[in-house]
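The values are calculated or read from the model by the stated rules, or taken from the named source; none is laboratory data. This structure is a prediction, so every number in the text was calculated from the model and none was measured. Cβ atoms come from the backbone with ideal geometry, glycine included; neighbour counts cover every protein chain shown. Calculation scope for accessible area: heavy atoms of the full protein, side chains included, ligands and nucleic acids excluded. Shrake-Rupley method; radii C 1.70, N 1.55, O 1.52, S 1.80 Å.
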Amino acid sequence: MWSPFRKKHLQILLETAGKSKVSLDLHTHRYFKENRSLGSKDRLHVKKGLYEIFKWKELLFAYKARYPRELVDLYTSEASPLEADNSHLPSHVQVSFPKWLFLKIVDSLGYEKAMEFCKISNQEAPTTIRVNTQKTTVDAFYNKYKEQLLLSRCELAKDGLQVGKKTQFNSIAEFLKGHFEPQDEASQIIAEYVNAKPNQHILDYCAGSGGKSLAFAPHMQESGQVHLHDIRQMPLVDAKKRLKRAGIQNFQIYQAHDKRLKGLRGNMDTVLVDAPCSCSGTLRRRPDQKWGLTAEFVDQVAVVQRDILIKAIPYLKKGGTLIYATCSILAQENKDQVDFLKERKELTFISSKTVDLKSGGSDAMFLAIFKRL
């Protein structure tokens, strides 16, 4: 299975990834583009190996493998520690997490749940799509593509389907027509909690490239308005393209310091703050990010989250709904921020929701719902 040819490319990828300034996913994509001799099966095999080495490198280090060649030889050997009993090693090494991050997760979830969470974070993430109900139905899409894409229905997200076959979505006509979008189940659940209705005005305050807005906008039945705001310009450019492809017309885009934002103050039925965070609930999708995170960054982003919330609250009308959401499992970004919001006299706490990371299922997410008095 691990031919010398595949091992050679895995080693080169590992060596160059350590020096790269781009994400592991983008680096791998560029490498495969430059090395056409790798067939599709080779690429899948090598990419899986690269991601697993990144995910498990703390454990591989414990077996005295440090350099790329040593890591590849150990990982591909019959004596790979990934299949061994590692109970003699410290807990954070067993699950291959930075010690400081593992301890934060234990503080947030408790030891048993932390161990389970870290193990699942080292598994392969599923591919999930959301059907655009503005253009088709979940049943119609499922029945048409269930065999071609090996589809199965999501456990939690009502418009979500899991894709069991590796697929280039750009090759599917319905994707180009906006009939579906790749979107994790947890992200879809956050959009469902927006509970969008016709004639409402909803502000997606940290909209990014518009994933949540794309999910809840169809429920507004082309009435009311979706307002997308972000401090970053390029994601908003992408959001505009995606919304148009999906057939969503009732939207407005706002960059930072847009003068039109003043007109939204006190008029929003719902404000969604899907805040920047540690993304600890999605680490299985970005194994390099696990090693790039620092305690200092988590402290800084927690301050940013509160600043964003303070700026977002004035957009709510009286009786309007504030939804604070993260893809984090850390109490510092979730429970502590809810406690902060509970101290605000203009808000009243309604409820909170946690979705745990599930093997073969949803990423982890957290949200809290408040009403403006």
Which of the trypsin sites (Lys or Arg not before Pro) found in the stretch 1-93 are loop residues per DSSP with 13 or fewer other Cβ atoms within 10 Å of their Cβ? 19, 21, 36, 64, 66
For the stretch 127-212, what are the per-bin percents of Cα-Cα distances with bins 10 Å wide, up to the bin holding the maximum? 16, 50, 28, 6
The stretch 101-206: trypsin sites (Lys or Arg not before Pro) in DSSP loop, at most 12 other beta carbons within 10 Å: 165, 166
Low-density loop cleavage sites - GluC sites (Glu not before Pro) in the stretch 108-163, where at most 15 other Cβ are within 10 Å (DSSP): 124, 147, 155
Within the accessible area of the chain, what % is carbon and sulfur when the probe is 1.4 Å and the other protein chains stay in place? 50
Out of all Cα-Cα pairs in the stretch 2-48, roughly what percent, to the nearest whole number, are more than 13 Å apart? 51
Cross-link partners among lysines for residue 358, C-alpha distance below 16 Å, same-chain residues fewer than 8 apart left out? 113, 119
Over all directions, how big on average is the projection of the convex hull of the alpha-carbon atoms in the chain, in square nanometres? 19.2
Obtain the radius of gyration and the Kirkwood radius of the stretch 30-167 from its C-alpha atoms and give Rg over Rh. 1.07
One quarter of the C-alpha convex hull surface, i.e. the mean projected area of the stretch 160-267 in nm², amounts to 7.2
Quick one: the Cα spread of the stretch 198-257 along its three principal axes, in angstroms, biggest first? 28, 22, 14
From the square roots a ≥ b ≥ c of the eigenvalues of the alpha-carbon gyration tensor of the stretch 271-373, which class results: rounded (a/c under 1.5), prolate (a/b over b/c), or oblate? prolate
Please go through the residue pairs 48/197; 259/353; 197/342 and name each one whose alpha carbons sit more than 30 Å apart in this structure. 48/197; 259/353
Rounded, prolate or oblate: which one fits the stretch 70-136, using the alpha carbon gyration tensor with axes a ≥ b ≥ c (rounded when a/c is under 1.5, else prolate when a/b beats b/c, else oblate)? oblate
Using only Cα atoms, find the angle between the long axis of helix 295-312 and the longest principal axis of the chain, and express it within 0 to 90 degrees, rounded to the nearest 10. 20
For the chain, dividing by residue count, accessible area per residue (probe 1.4 Å) in Å² works out to 49
Grab the eigenvalues of the alpha-carbon gyration tensor for the stretch 1-79, scale each by 5, take roots, and send me the semi-axes largest first in whole angstrom. 20, 15, 10
